[in-house]
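Q: Encoded as structure tokens, here's the structure I'll be asking about.
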Amino acid sequence: MKINRCLSGTVLSALGILLVSAGIPAYSQCNMRQDPTPKLNPGPPGQRLCCALGTHTGIDPGDLTGHQYGHIANLFPQTAGTVLREGEPLGYIYTSGAGLVDLGHVRDNADMVLFVYAQLLDGQHRIYTSGGDVVGVPKIPAVKADLLGLAGAIVFANAWAHELTTWGSDTNVFINSKAEDFSAFSPEDLSSNIVGIYIATRAITAMTADVNTPAPEFVKQFDTEMDLLLPQIIASLGPLSAAETTNLVTKQIALSPNNVAKGDLTGIWYMDDTVSPGNTFVTLLRRNFDGAPWKIPGTPQGPSTPAWLNTTRFTNYYSQFLYIVHDNPSKPAEKADVDATLVPKSNAHALETVLSPVAWVPTPMQNLNPDARQPEESMDPLCLVTPKGEPIPSGQYTPVKVNVYPPPPHDVVWSFEHATSFLQKSFTAVNPNMDGPVTYVAPDIPRPKN
């Protein structure tokens, strides 16, 4: 599930900034001037509360038109996986080429591409995505294809940040909107994001609108192109019917009593969890940390995964921007960091004969060795330096709460890659092989007899 951290009105209306000091050899936000006043503002992107394993089901892959940029959809009317927000279809579609596709993620990321693209097209060097996150772009490409490639990479980083910052043991979504561990690194999330970014890139490529186009017409052209391309691209991926997708999501990859009796979690992605209301009564058993599309055994094998469906398509652009996770100014009580202090013992939880709340265990103690830091003398949220004080020109960084000795835990700034690798290693140390779609190796311990 993707619930965008709310876009602050003050952030959306703020002006960007541009590096002017020739004395700093690489891009740094520590020495800036203002960008020009924006001319083009299509409004904030969509925030569709869809989809989540255990909550949503399959939809008809032949009925996908009705895209509406920038609208908010309510979670609960969508639980049947049918009609949703004024005709905009949301739900799951299983495909041979991309595995399980979450249409909420597809549409949200597509909208975010348009939002970021509009800012770049408008000559803004400080880009806003969601929450308090900020992005610095030193040089805006002149060619449309490169502009879209950069926008797509920024959007993928934004979606990656969401997966990182929603990880954690505080899973009471009723009191903390950050509490989305029922969805953090869900098997279908990152790959669905890539599908949305790709479709939006194709849609914007076909648009004739430019920076002088009125915002309503800009958005109208985007919605029109999305309605043309989304059905075509989903069809090219080899979709299954709504009923077939629903059967896969609700039966084949969901934990059953038979799995518990056999002590076997092979191919099982999640479980209905009656003792976890704050986690939407769902516990994820498998986590996808690398964004590869996961295929379900026994499903049709063709068409194959397209060449564009990979995270490496963004790699060439990571050196062109600096992305930093910051607290959301509209939610001062919530810390926008990665809680890397605990991981769930979800395998053991799934195979309990009598359910009790899932246990979370501490991750290894860490030295306070940051990948980066924000200098005390700078008030600019995009001023980031190495531990030695050298300006950081590019990369993706986030505060990460880690265990240290003596306690309590402390925040340290790590790269996205560092934080993700640490979570993956810590998670699989407790839940072996559960960072892939199928394999399960039972622990070499006797199981209690019923």
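What follows is calculated from the coordinates using simple rules that are stated; it is not laboratory data. Note that this is a predicted model, so its numbers are computed, not measured. All Cβ positions, even for glycine, are placed from backbone atoms using ideal geometry, and neighbour counts span all protein chains on display.
Q: Dipole of the stretch 9-430, Cα-centred, from +1 at each Lys and Arg C-beta and -1 at each Asp and Glu C-beta, to the nearest 20 debye?
A: For this selection, approximately 480 debye.
Q: Here's something else I'd like to know. What residues qualify as long-range amide H neighbours of LYS401, i.e. H under 5 Å apart, gap of 5 or more or another chain, H built at 1.01 Å from N?
A: The list, which skips near neighbours in sequence, is VAL338, ASP339, ALA340, VAL412.
Q: While we're looking at this one, here's another question. Provide the FRET efficiency to the nearest 0.05 for the ASP63-TYR405 pair, computing r from the beta carbons and using R0 = 60 Å.
A: 0.60
Q: Related question: Work out the length of the dipole vector of the stretch 270-427 about its Cα centre, built from +1 on the beta-carbon of each Lys and Arg and -1 on the beta-carbon of each Asp and Glu, and round it to the nearest 20 debye.
A: 500
Q: Would you work out which of GLY238, ILE59, THR312 lies farthest towards the positive end of the dipole of the stretch 9-430? Charges go on Cβ: Lys and Arg +1, Asp and Glu -1.
A: Result: THR312, furthest along the dipole toward the positive end.
Q: Go through the stretch 365-448 and name the GluC sites (Glu not before Pro) that are in a DSSP coil and have 11 or fewer other Cβ atoms within 10 Å of their Cβ.
A: Of the GluC sites (Glu not before Pro), the ones in loops of the stretch 365-448 whose Cβ has at most 11 other Cβ atoms within 10 Å are GLU376, GLU377.
Q: Further question on the same structure: Given H placed 1.01 Å from N in the peptide plane, which residues other than close sequence neighbours of LEU100 have an amide H under 5 Å from its amide H?
A: Here the answer is THR95, TRP294, since their amide H atoms fall under 5 Å of that of LEU100.
Q: How high is the relative contact order of the stretch 9-430, given as a whole-number percent (alpha carbon pairs under 8 Å, six or more residues apart)?
A: Taking the mean separation of contacting Cα pairs over the length of the stretch 9-430, I get 20 percent.
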